[in-house]
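What follows is one structure encoded as C-alpha cells, with my remarks underneath.
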Amino acid sequence: METKTAKILDGKTLAAKVQKELAKTITEIQPKIGRPPGLAVLMVGNNPASATYVANKEKACHQVGIATFGRHFPTETSQNELEQIIEELNRDQRVDGILIQLPLPKHLDSIALLHRILPSKDADGLHPINLGHLVRGEMGMRSCTPAGVMKLLAEYKIPLAGKQAVVIGRSILVGKPMALMLLEADATVTIAHSRSQNLTTITQNADILVAAAGIPGLITAEMIKPGAVVIDVGINRITDGNGKSRLVGDIDFVSTAQVAQYITPVPGGIGPMTVAMLLQNTVCSYLKVANQQ
Ligand code: NAD
C-alpha cells in the first residue's frame, strides 16, 4: 500500500515474527512437558465474521504447533451447557487457554461465562482477575487486541511516555484495557466514546490516536494532529459502489495517511497482532506449567 507521508505499521509482518518465535519456543519446551500447548476456542451460533475469526485463530495455532480444542455449538445452546463445558476445559490438562468467541447469541450471558474461565487459562485476558491485574499494573494475561497495539508500537520504538494518547471506544474488549496499557506506558490518556462531545477537538490533540468504535470512516484527515501515530482497531465490512464487499477500519486511510507519521492498515494491522497475542498468552500459560514441573 503506497502512501505519500505516513509510514505503515506492519502488523502482518510483526505477527509472523512473533509466531515464528513462539513456534521455536514450543519446539524447545515440548519434550519437557510431553505435550503441545492447547487452546480451546468456543463458538456459538453462525455469525459469519466470528466463523472467519475462529478459522484464522485455529490456522495460526496449527502453524506454530498449538493444539486446538475448538468446539462449535448451535445457537440454541444453553448457558448451563456452556458453563459445564468451560468447567471441563478448566480441568483438562491439555488445555492452556480458553477463548469464547464474542459476540454470543442474545440469550447467553457472556460476562457470566467469562467469569467461569480459570484466570490462568483466560487467553483473551477478559476475566475480572486479569483486568484487575492490569488496573494495578501487575503481571497477568493481557487482552489480546490492546496488547497487540502495544507490541506494534514497541516494535517501531514509538515513544509513549508523556505523549497525549486518545482512545476512541470504551469497551471491555478494546477501549478500556487499551487506555490502561497506554497509561501504564506513561502516556496522558483521554478516552472518547459515543457520548463524547466535539470528537474532532479531542482527536486533534492526540500524538497517539487509537480508534476502536466500529464505525467506518469515523476519523478523517482534519481530525488528526500532523505527525500523529494513528492506530486503526476497527474492522468493518462495507459494500462499495461496485457492489463489492471489503474490510475497512474506522479511519479514512487515504486522507489520514497524508497527515499522520505512522498508520496501521486494515486489514494487515491490528487484526493479525490480536491473533499473535492470543497465541502468546496461550504459550505463556503453557510455560508456567513447564516451570511447575
Ligand atoms: P463495541 O461496540 O463494544 O464498542 C464500541 C465503542 O465505540 C463504544 O465504547 C462506544 O462508546 C464507542 N463509540 C461508538 N460510536 C462512537 C462515536 N461516534 N464516537 C466515539 N466513540 C464511539 O466494539 P468493540 O468490541 O470495542 O470493537 C470496536 C471495533 O474494533 C469494531 O470494529 C470491532 O470489529 C473491532 N475489533 C477489532 C479487533 C482486531 O483484532 N483488530 C478486535 C476486537 C474488535
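When only the heavy atoms of the protein chains count and the probe is 1.4 Å, how do CYS284, CYS61 rank by accessible area, highest first? Can you show the working numbers first?
On the way: CYS284 60, CYS61 0 Å².
Most to least solvent-accessible, the answer reads CYS284, CYS61.
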Over the Cα atoms of the stretch 1-60, how large are the radius of gyration and the largest Cα-Cα distance (Dmax), in Å? 16.7, 51
Taking Cα centroids, how far is the stretch 62-102 from the stretch 234-273 in Å? 31
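Over the chain, what is the relative contact order in whole percent, taking alpha-carbon pairs under 8 Å and six or more residues apart? Don't jump to the answer; show the numbers that get you there.
Values: 575 pairs, mean separation 66.8, N = 293.
Over the chain, the number comes to 23 percent.
Rounded to the nearest 0.05, what FRET efficiency do LEU247 and ASN46 have when you use their Cβ-Cβ distance and R0 = 25 Å?
About 0.80, to the nearest 0.05.
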State, to one decimal in nm, how far the label point of ILE172 lies from the label point of LYS106, with both points 7 Å from Cα in the Cβ direction. 2.0
Virtual paramagnetic centre 7 Å along Cα→Cβ of TYR156, amide N under 19 Å, in the stretch 246-268: 248-268
Pseudo-spin-label distance GLN30 to ALA16, built 7 Å along Cα→Cβ, given in nm, is 2.2
Site ARG94, offset 7 angstrom along Cα→Cβ, radius 14 Å on amide nitrogen, limited to the stretch 26-68, gives 34-41, 66-68
How big is the dipole moment of the chain about its Cα centre under a simple scheme where the beta carbon of each Lys and Arg is +1, that of each Asp and Glu is -1, and everything else is neutral? Debye, nearest 20, please. 420
Sequence-distant lysines (8 or more away, or on other chains) whose Cα lies within less than 20 Å of LYS17: LYS7, LYS57, LYS59, LYS151, LYS157
Along the charge dipole of the stretch 34-120, which of LEU104, TYR53, LEU114 sits closest to the positive end, that is, farthest toward it, with unit charges on the beta carbon of Lys, Arg, Asp and Glu (+1, +1, -1, -1)? TYR53
Measure off, as a whole percent, the carbon and sulfur share of the 1.4 Å-probe accessible area of the stretch 34-120, all protein chains present. 53
Where in the stretch 38-55 does the amide nitrogen come within less than 14 Å of the point 7 Å from the Cα of ARG71, taken along Cα to Cβ? 39-45
To the nearest 20 Debye, how big is the dipole of the stretch 143-270 about its Cα centre, given +1 on the beta carbon of each Lys and Arg and -1 on that of each Asp and Glu? 220
Estimated Rh, the chain: Kirkwood, alpha-carbon pairs, angstrom: 19.8
Measure nothing but the geometry: give the 0 to 90° angle between the long axis through the Cα atoms of 79-91 and the longest principal axis through the Cα atoms of the chain, rounded to 10°. 70
How big is the charge dipole of the stretch 52-177 about its Cα centre, in debye rounded to the nearest 20, if each Lys and Arg gets +1 on its Cβ and each Asp and Glu gets -1 on its Cβ? 620
Could you work out the helix-only [θ] at 222 nm for the chain, with each DSSP H run of four or more residues adding -39,500 (n - 2.57) and the total divided by the number of residues, to the nearest 500 deg cm²/dmol? -13000 deg cm²/dmol
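The values are calculated or read from the model by the stated rules, or taken from the named source; none is laboratory data. Not measured: the values here are computed from a predicted model. Glycine also receives a Cβ, built like all others from the backbone with ideal geometry; neighbour counts cover every protein chain displayed. Protein only, heavy atoms only, side chains kept; ligands, DNA and RNA dropped before computing areas. Shrake-Rupley method; radii C 1.70, N 1.55, O 1.52, S 1.80 Å.
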